[in-house]
Amino acid sequence: MRTVYKAFALLTALGVAAQAAAIALAVFTIVDMVEGGGVLDSSYDPMDNLGSALHWYGAIVVASLGLILLVASFFNRFRGAKMWAAITFALVVLQWVLAFTAFEVVSVGYLHGLNALAIFTCALLAFRAAHRADQRATTVPARAPAAL
């Protein structure tokens, strides 16, 4: 079950990296459109922008991965399993709150970006905790010399 935990921790981190790439694609697509004479107004549909659509659907994927990581943590018994999964999932929930809040208070978008880095970091720390537990489990302690 530790392998499942490690896989979802790593997939969560990779999902956040993909999210960053998707939003960069969205922004550069908008810049390209405007530089080409396009107009960004209320008729603009963000779902027509590939990067924006990927970011939206990716958010659902990352939330699912974070939830599965949290569930997997309850089937693992190594130091930090539940803590790192819970922190990662809590940050994912905060990410959604920040995203919806940023549509009302644009400056909150800054925190949305910073929080993404925190999710990425905590997911990698969850992976590292599981990896270290694997290393400790496979290390065979040296046998004590037999008593004469």
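The values are calculated or read from the model by the stated rules, or taken from the named source; none is laboratory data. Small disclaimer: the values here were computed from a predicted structure and weren't measured. Each accessible area value is taken on the protein alone, full model and side chains, heavy atoms only, with ligands, DNA and RNA left out. Shrake-Rupley method; radii C 1.70, N 1.55, O 1.52, S 1.80 Å.
Shown for the chain are the DSSP H helices of 15 Å or more along their axis, judged by Cα atoms, with a mean Kyte-Doolittle hydropathy of at least 1.6: 50-73, 81-102. Of 57, 44, 110, 5, the residue with the largest accessible area leads and the full order is 110, 57, 44, 5 (1.4 Å probe). Between the C-alpha center of segment 1-74 and that of segment 93-137 there is a gap of 13 Å. By a 1.4 Å probe calculation restricted to protein chains, residue 92 has an accessible surface near 10 Å², given to the nearest 10.
Applying 0.36 nm per residue to the separation of residue 64 and residue 32 and subtracting their alpha-carbon distance, the gain on full extension is 8.3 nm. With all protein chains in place and a 1.4 Å probe, the accessible surface of segment 1-135 carries 73 percent carbon and sulfur.
When percent of Cα pairs over 18 Å apart is computed from the coordinates, the matching label among (i) 57; (ii) 62; (iii) 67 is (ii).
Rolling a 1.4 Å probe over the heavy atoms of the protein chains gives the chain an accessible area of 64 Å² per residue. Accessible area ranking (1.4 Å probe, heavy atoms, ligands and nucleic acids excluded), largest first, for 82, 6: 82, 6. Taking 89, 103, 75 and ordering them by how much accessible surface each has at a 1.4 Å probe, largest first, produces 103, 75, 89.
Rolled with a 1.4 Å probe across the full set of protein chains, the surface gives residue 45 an accessible area near 70 Å². Solvent-accessible area of residue 56, all protein chains in place: 110 Å² (probe radius 1.4 Å, heavy atoms, ligands and nucleic acids excluded).
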